[in-house]
1. Could we say that residue 93 is of a type in the set (Lys, Arg), farther than 22 Å from residue 255 by Cα and modelled with pLDDT of 95 or more here?
2. Considering every residue within the stretch 149-163, establish whether at least one is over 17 Å from residue 64 (Cβ atoms) and either at pLDDT below 95 or not hydroxyl-bearing (Ser, Thr, Tyr) (or both).
3. Would you mention how many residues in the stretch 101-112 are out of contact with any strand residue (DSSP E or B) (no Cβ under 6 Å at 6 or more places or on another chain) and either more than 29 Å from residue 220 (Cβ to Cβ) or crowded, with 20+ Cβ neighbours inside 10 Å (or both)?
4. Of all residues in the stretch 160-175, count the ones that are farther than 19 Å from residue 124 by Cα and free of Cβ contacts under 8 Å to residues at least 40 places away in the same chain.
5. Counting just the residues of the stretch 198-223 that are touching a residue at least 60 places away in the same chain (Cβ under 8 Å) and surrounded by fewer than 19 Cβ atoms within 10 Å (Cβ to Cβ), which one comes out nearest to residue 165 (Cα to Cα)?
6. Is it the case that residue 115 is surrounded by 16 or more Cβ atoms within 10 Å (Cβ to Cβ) and touching a His at 6+ places or on another chain (Cβ under 7 Å)?
7. Using beta carbons and a limit of 6 Å, which pairs, at least six apart or on different chains, have the first residue in the stretch 247-269 and closer than 20 Å to residue 174 by Cβ and the second one among the hydroxyl-bearing types (Ser, Thr, Tyr) and open to solvent by less than 20 Å² (accessible area, probe 1.4 Å)?
8. If you go through the stretch 42-49 one residue at a time, do you hit one that is buried (at least 24 other Cβ atoms within 10 Å of the Cβ) and not basic (Lys, Arg)?
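The values are calculated or read from the model by the stated rules, or taken from the named source; none is laboratory data. Computed from a predicted structure; not experimentally measured. Neighbour counts are summed over all protein chains in view; Cβ atoms, including those assigned to glycine, are modelled from backbone coordinates with ideal geometry. What goes into the accessible areas is simple: the full protein's heavy atoms, side chains included, and nothing from ligands, DNA or RNA. Shrake-Rupley method; radii C 1.70, N 1.55, O 1.52, S 1.80 Å.
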Amino acid sequence: MARWRGVTRIVTALVAALAVTALVAPSPAAAWGYGVNRVQTAAEDPWAQTGMGPGWVLLSYKANGPMVGYLFARDFVFADGAVKSSFDHMDIRDTGDAGAGNTEGITRWPWGFAGGSFDGCAYAYGTRKFAIERSGFSSSSCANGPTVSGSSNADGSPDQLRWWHSEQVFCTANGVDPLCSPYGVWSENKGGGLKATTARTACTAYGNIGAAAAYGSGPAVAVHPLGTAPAGAQIDIRYVTKDRQWIMAKWRGNRFAAGIAWAFLPRSCVW
C-alpha cells in the first residue's frame with residue numbers, strides 16, 4: 001500500500017506540473033484560414049524573409065508588390081520603445097495563387113481588408129504569419145476583390161493576377177519632382193531600377209501612413225516608428241506618394257526594427 005501511495009503522489013505531482021505548464025505556455029497559433037485572421041507574434045513564429053518577419057507582415061496593392069503598409073502582432077516593439085498592445089487583423093477572403101516573380105517561395109497571396117493602422121484593401125506577403133480567429137469577416141470592404149489588370153513582371157512575362165490599384169495612384173510627376181517615377185514606381189522594368197538619393201537630414205522611418213494616403217487620396221497619419229536613417233545615408237526609393245510628402249524607400253545596406261527594410265520617410269529629408 002505504501003508503494004501505491006508513493007506512485008499516487010508521483011502521478012498527482014505530474015498532473016499538477018502539467019496543469020501549471022498549460023497555464024504558463026502559450027497555446028500554439030492556429031493556421032491561417034478564410035475569415036478574420038490575426039498576425040502571429042514573434043514568439044509564435046520567428047521566421048523572417050522578404051516581406052515577413054517576427055511579428056509583422058508586409059502589405060501591397062498586388063502580389064509580390066511594393067509595400068503600402070504593415071500589419072503587426074501584439075507585443076511588437078517599435079523603435080521608440082512602444083509595445084503594441086493588440087493584434088492587427090486581416091479579412092482573408094481569397095488568395096492569388098502564383099509565384100508572381102517571388103524568389104523566396106511565396107505562392108499564395110492572401111487578399112482582403114487589412115485593418116490596424118493601414119485600414120484598406122491589400123494583398124499580404126504570404127499566409128505564414130496569419131492565424132485564423134473566426135469565420136466571417138470584420139468588414140464588408142474589399143469583398144469584390146481586386147479589379148485592376150496588371151502590367152508585366154520584371155522578366156517581361158504578363159502578370160496574371162489582379163491588382164487593387166494601378167500604379168498611377170503614386171506620384172508620376174517626374175517633371176515636377178525627379179524622385180517621382182513617370183511609371184508610378186521605380187523598378188528594373190520601369191526606369192531601370194530603384195531611384196537612388198541621399199538623406200539631407202536624419203530620416204525617421206514609419207511603418208504606416210494609412211491606406212488612403214498610400215493610395216493617393218487622403219492625408220497621411222504616420223505611425224509605427226521603425227528607426228532613423230542618419231544624414232548622408234544612401235536611400236533607395238520605390239515610389240513617392242501622390243501628394244509628394246512621403247517616399248517609400250529603404251536605407252541601403254541596413255534594416256529597421258525587426259528586420260524591416262521598406263518604410264515611409266518624409267520627402268523633405270532627402271535631396
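1. So residue 93 passes the test.
2. no
3. Residues in the stretch 101-112 being out of contact with any strand residue (DSSP E or B) (no Cβ under 6 Å at 6 or more places or on another chain) and either more than 29 Å from residue 220 (Cβ to Cβ) or crowded, with 20+ Cβ neighbours inside 10 Å (or both): 4 in total.
4. Here the count works out to 4.
5. Among residues in the stretch 198-223 that are touching a residue at least 60 places away in the same chain (Cβ under 8 Å) and surrounded by fewer than 19 Cβ atoms within 10 Å (Cβ to Cβ), the one nearest to residue 165 (Cα to Cα) is 212.
6. The answer is yes for residue 115.
7. 248/239
8. Among the residues of the stretch 42-49, not one is buried (at least 24 other Cβ atoms within 10 Å of the Cβ) and not basic (Lys, Arg), which makes the answer no.
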